[in-house]
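The values are calculated or read from the model by the stated rules, or taken from the named source; none is laboratory data. None of the values given here were measured: they were computed from a predicted structure. Ideal geometry is used to build each Cβ from the backbone, glycine not excepted, and the neighbour counts take in all protein chains shown.
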Amino acid sequence: MSLKEFAIVDTTLREGEQFYKTNFSSQDKIEIARQLSDFGTEYIELTSPFASPGSRTDCETIAKMGLKSKIITHIRCTKEDAILAIDTGVSGINFFAPSSKHHGKTNAGKQDSQILEEIINVLRFTREQAPGIKIRFSLEDTFRAPVDKLSKIYMAIGKSGLVDRLGITDTVGIALPHDIEKVVTLLKSLGQKEIEFHGHNDTQSAVINSYAALKAGATHIDTSVLGIGERNGITSLAGFIARMYSLEADLIKAKYNLDQFKKLHTTVARIVGIDIPFNHPIVGESAFIHKAGIHTNAVILNPKSYEIIDPADFDELRTILIAHKLTGWNAIKNRAEKFKLTFEDNEIKEIALKIKKMADEENITLKSVDKILIANYEKKQDRQMKAQNSPKKKY
Ligand SMILES: [Zn+2]
């Protein structure tokens, strides 16, 4: 599987609804769904219509919006949920069932073969009711389940020909990239073509684990805007896009409308009532700010020296900070040139030293740097004028 063929299943409107601060109204969901589609995520996953009457009507409304993204919903593996999901008009259903001993309550006392039979029955029923619907099946908490159980269930479901895609789920964020590689390889060995990965971020590994899944042969990655979800969330859309852009920039530019990226993040942050974290990839406040003298000097000459992502591709601006003690004379010179203030290098070095000394004493601003530059330029001009007007020495 080439890294070029992947699809994003954005679950801001399902997993993101499980974020502790989220309480989306129908209008919020419509706005976010439209913006996700404008950005270009291939799928938008919605909360189960079984969750509440409002969730049901939201599924129906969003499924009818005619968005470019495919609309799917995430439900338990029961006939009851399946009937409701099909009725909403979504184009796909993501089924999930518990797998590990930590989630065995609903399956307590049941043999694996009995659980499997029940799952297959629901999948067959769904396929009969809605032959055209896309079906994904995944086991919750895949990475804490015994491997023999996993292969038995996935093999039987894969062989049944009832599903379009199998999903693996790092529900608690425990998996390491090599664990994911192992399970994806197992699924591939069963002849499974479409594999989806859903990874939680409890150990800040969700983005790299998503990449590991793709590299091993997965095809679909779950994300949410700002990574919102249960506890500290899942693979963030921005983290995943940044990861993939660093490897395949042209592909990412062709696949998604990157100029919609900031708007989408600002919208979700506003609706949820949080700030975009300052260090969030691409859209965080500090993502394209350069400060240290060595960095600013290099970035002015060649942005690629300290940037793997071109901010312009995302309609973002690069900022060079110069009003601080770590400033460099090249960055000060660059600022002076913006105002057409010309200095010799030795002069600008002296000015930079003045600025550093000032910053050692107090917090300074760009305004104070500009004032110093202008004052020094005026002094220089005065000196030059005086030199020109002074009477020539007589010999
Ligand atoms: Zn999750």
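Going through region 57-70 one residue at a time, which ones are of a type in the set (A, V, I, L, M) and either surrounded by fewer than 24 Cβ atoms within 10 Å (Cβ to Cβ) or modelled with pLDDT under 95 (or both)?
Selection gives ALA63, MET65, LEU67.
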Restricting attention to region 302-315, the residues that are under 15 Å from LYS263 (Cα atoms) and outside any loop (DSSP other than H, G, I, E, B) number exactly 4
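For region 330-344, indicate whether the set of residues that are touching a Leu at 6+ places or on another chain (Cβ under 6 Å) and within 30 Å of LEU258 (Cα to Cα) is non-empty.
Our first condition is that a residue be touching a Leu at 6+ places or on another chain (Cβ under 6 Å); within region 330-344, this holds for 336, 341.
Now drop any that are not within 30 Å of LEU258 (Cα to Cα), which leaves none.
The answer is no; no qualifying residue exists.
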Worksheet item: Is one or more of the residues making up region 235-252 under 10 Å from the mean Cα position of the chain (by Cα), away from the ligand (no atom under 16 Å from the Cβ) and not aliphatic (A, V, I, L, M)?
Response: yes
(1) within 16 Å of the ligand (Cβ to nearest atom); (2) modelled with pLDDT of 95 or more all hold for ARG127 apart from (1)
More than 14 Å from the ligand (Cβ to nearest atom) and touching a helix residue (DSSP H, G or I) at 6+ places or on another chain (Cβ under 7 Å): is that true of SER189 in this structure?
no
Log entry, pairs with first residue in region 222-236 being over 8 Å from HIS200 (Cβ atoms), second being assigned to a helix (DSSP H, G or I) and near the ligand (Cβ under 9 Å from one of its atoms), beta carbons closer than 6 Å, six or more apart or on different chains, reads SER224/GLU15
Scanning for something surrounded by fewer than 17 Cβ atoms within 10 Å (Cβ to Cβ), more than 16 Å from the ligand (Cβ to nearest atom), over 24 Å from ALA242 (Cβ atoms) and charged (D, E, K, R), does region 207-215 turn up at least one residue? no
Among VAL268, VAL184, VAL225, the single one that is within 16 Å of the ligand (Cβ to nearest atom) and in contact with a Gly (Cβ under 9 Å, 6 or more places away or on another chain) is VAL225
Looking across region 180-201 at residues that are over 22 Å from the mean Cα position of the chain (by Cα) and not aliphatic (A, V, I, L, M), the single one that is farthest from ILE120 (Cα to Cα) is LYS182
Apart from one, (1) within 15 Å of the chain's Cα centre (by Cα); (2) surrounded by 14 or more Cβ atoms within 10 Å (Cβ to Cβ); (3) assigned by TED's automatic domain parsing to the domain that holds GLY199 all hold for GLU230; the odd one out is (1)
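Is it the case, given these coordinates, that ILE308 is surrounded by fewer than 16 Cβ atoms within 10 Å (Cβ to Cβ), closer than 30 Å to LEU264 by Cβ and β-branched (Val, Ile, Thr)? It would help to see each step written out before you state the result.
On the way: surrounded by fewer than 16 Cβ atoms within 10 Å (Cβ to Cβ): yes; closer than 30 Å to LEU264 by Cβ: yes; β-branched (Val, Ile, Thr): yes.
So ILE308 passes the test.
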Practice problem: Evaluate region 337-356: report whether one residue or more is closer than 30 Å to GLN381 by Cβ and either of a type in the set (Phe, Trp, Tyr) or under 15 Å from the mean Cα position of the chain (by Cα) (or both). | Solution: yes
Taking region 126-146 and the residues there that are part of a helix (DSSP H, G or I) and within 30 Å of the chain's Cα centre (by Cα), the one that is surrounded by the fewest Cβ atoms within 10 Å (Cβ to Cβ) would be ARG144
Conditions (1) closer than 23 Å to THR319 by Cα; (2) surrounded by 16 or more Cβ atoms within 10 Å (Cβ to Cβ); (3) at pLDDT 95 or above -> ILE271 fails only (1)
Residue pairs qualifying under the 8 Å Cβ cut-off, at least six apart or on distinct chains, with the first in region 1-24 being closer than 13 Å to GLY227 by Cα and the second being in a helix (DSSP H, G or I) and within 11 Å of the ligand (Cβ to nearest atom), are THR22/GLY16
The residue that is farthest from the ligand (Cβ to nearest atom), considering only those in region 151-181 that are among the charged types (D, E, K, R) and surrounded by fewer than 24 Cβ atoms within 10 Å (Cβ to Cβ), is LYS159
| query | Would you say ASP202 is closer than 23 Å to THR22 by Cα and crowded, with 24+ Cβ neighbours inside 10 Å? | reply | no
Exception for MET155 within (1) within 22 Å of ILE83 (Cα to Cα); (2) out of contact with any strand residue (DSSP E or B) (no Cβ under 8 Å at 6 or more places or on another chain); (3) assigned to a helix (DSSP H, G or I) falls at (1)
Given the conditions (1) farther than 30 Å from GLU42 by Cβ; (2) outside the structural domain of HIS324 (by TED's automatic domain parsing), every one holds for SER305 apart from (2)
